[in-house]
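The values are calculated or read from the model by the stated rules, or taken from the named source; none is laboratory data. Predicted model, so just to flag it, every value in this text is computed and none were measured. When we count neighbours, we look across all protein chains shown, and the Cβ atoms used for this are built from the backbone with ideal geometry, even at glycine. All accessible areas refer to the heavy atoms of the entire protein, side chains included, with ligands and DNA or RNA removed. Shrake-Rupley method; radii C 1.70, N 1.55, O 1.52, S 1.80 Å.
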Amino acid sequence: MKNRKFITVILPLVAVCGLILLNALKSDPPLKHRNIADNAGLTLPAGFTGTALITGIGSARHIAVTPQGNIYVKINKLKNGKGIVVLHDSGDKAEVVSSFGDFAGTGMYIKNGYLYASSDENVYRFKLDAKNEVINPEHPETIVSGLISRHEHEAKAILLDNAGNLYVNIGAYSNSCQVKDRQKGSMGQKGCPILDSAAGIWQFKADKLNQHYSDGVRYATGLRNVMGMDWNYQDNQLFVMQHGRDQLHDIFPEIFDQKQSSLLPAECLYAINKGDNAGWPYIYYDQIQHKKVLAPEYGGDGKKAGGENAIDPAAAYPGHLAPNGLLFYTGNQFPAKYKNGAFIAFHGSWNRAPEPQAGYFVVFQPFKNGKPDGQWEIFANGFSGSQAQTESGRAEHRPCGLAQGADGSLYVSDDSKGTIYKITYKK
């Protein structure tokens, strides 16, 4: 990756700041259960207002918003037999307009007059009219079919660029490519055959119908699982958020203690060029040592460096927070510091014991000239309901998808209670 000197300087700062923030979370006073009218229960920076537009619509994953105020929501589990819900935002609430699509899934994106949506195996598109409303909801066109779905990291995030390309993540159907997945002491498969068909980003033609898995180009590899993807038009580059590996202590207790396993490895933001390799499963990024570390399944001891040919992360965040949404903010409603920076929705952890569980918030990462620049900060917190619910992992709401409205508002989906949040700013 380019600008490695910049990354070398900024990564230690980002990692240290992240650890400071997580330590601060442990001692913060409990978040109170707030009334819906009180920023919808969210803690936000001064000047921002949060609104719960609607709740109970199903397991809301990724979302897309039209200039006319309609919100397309991808539902991960069919509700009333449908997998896409259409809402209309009237300002302080949203109403269900319709629902359609007989497939569950995660991905949702609007581009060039089409609504694109994914199941765990296929990508479809629906033609939109001049009002950005779906013309024929019962008959989508199939863009790609036959994507790998093996019941681990099977969700498919999607993204389109301005050059007619569709990007789809194919998550690894494994934690760390062991011979016996997630089993104590099992070593890594030689050559990791999973990399041939998964653990990366695949590129397809956005306007070509009936493509098959084999028609795609493996755009990047060595990515365990990516849910958050967005295109940074400042430097015309794909950025992704990777879910880091699990269970270092459970699998190799002689090398890692429980605390190390609860904090490591980092959740990483990568700037991706075609042909890049992020190193999974052979390495992980250690945000405490500030280096790429050889995975224990492949002979690592928790200290030995690895991945000389793998790209470095652009930024690193504390482990196991599950980044599910990534959005570069290009609007003008928010203060100037947010322009072209990245919002990241952290779905929240399940495996940080004996440390408290953490996450369930939306983070802001400043950018400058297309690169991370400065300390990340928690932008929207309180989704979980209380500090106790955060620490126990019993969050009421879990942020997942992010979208920007035509007026610069930020929308956040919650796949736990099916709530859609809208965050606005006024001086």
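Within region 139-174, if we keep just the residues that are open to solvent by less than 40 Å² (accessible area, probe 1.4 Å) and touching a helix residue (DSSP H, G or I) at 6+ places or on another chain (Cβ under 8 Å), the residue that is nearest to Ala220 (Cα to Cα) turns out to be Ala172.
Matching residues to (1) touching a His at 6+ places or on another chain (Cβ under 9 Å); (2) closer than 25 Å to Asn122 by Cα; (3) not in a loop (DSSP other than H, G, I, E, B); (4) not aliphatic (A, V, I, L, M):
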| residue | (1), (2), (3), (4) |
| --- | --- |
| Leu195 | no, yes, yes, no |
| Leu209 | no, yes, no, no |
| Ser214 | no, yes, yes, yes |
| Arg218 | no, yes, yes, yes |
| Arg224 | yes, yes, no, yes |
| Met227 | yes, yes, yes, no |
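Among the residues making up region 65-85, those that are open to solvent by 10 Å² or more (accessible area, probe 1.4 Å) and at negative phi are Val65, Pro67, Gln68, Asn70, Asn76, Lys77, Leu78, Lys79, Lys82, Val85.
In the set (1) free of Cβ contacts under 8 Å to residues at least 60 places away in the same chain; (2) closer than 15 Å to Ala295 by Cβ, the condition left unmet by Pro193 is number (2). Considered as a group, the residues in region 45-60 that are farther than 20 Å from Ser90 by Cβ, touching a residue at least 40 places away in the same chain (Cβ under 8 Å) and open to solvent by 30 Å² or more (accessible area, probe 1.4 Å) include one that is farthest from the chain's Cα centre (by Cα), and that residue is Gly47. Within the option set Ile57, Ile84, being assigned to a strand (DSSP E or B) and either within 15 Å of Ser99 (Cα to Cα) or charged (D, E, K, R) (or both) holds for one residue only, Ile84.
For region 153-193, filtered to residues that are farther than 15 Å from Tyr213 by Cα and not in a loop (DSSP other than H, G, I, E, B), the residue that is nearest to the chain's Cα centre (by Cα) is Leu159. Using the structure shown, decide if Arg394 is modelled with pLDDT of 95 or more, more than 30 Å from Pro67 (Cβ to Cβ), of a type outside the set (Val, Ile, Thr) and open to solvent by 30 Å² or more (accessible area, probe 1.4 Å). Yes, satisfied. When region 248-305 is limited to residues that are part of a strand (DSSP E or B) and of a type in the set (Ser, Thr, Tyr), the one that is surrounded by the fewest Cβ atoms within 10 Å (Cβ to Cβ) turns out to be Tyr270.
The lone criterion from (1) free of Cβ contacts under 8 Å to residues at least 24 places away in the same chain; (2) assigned to a loop (DSSP other than H, G, I, E, B) left unmet by Tyr124 is number (2).
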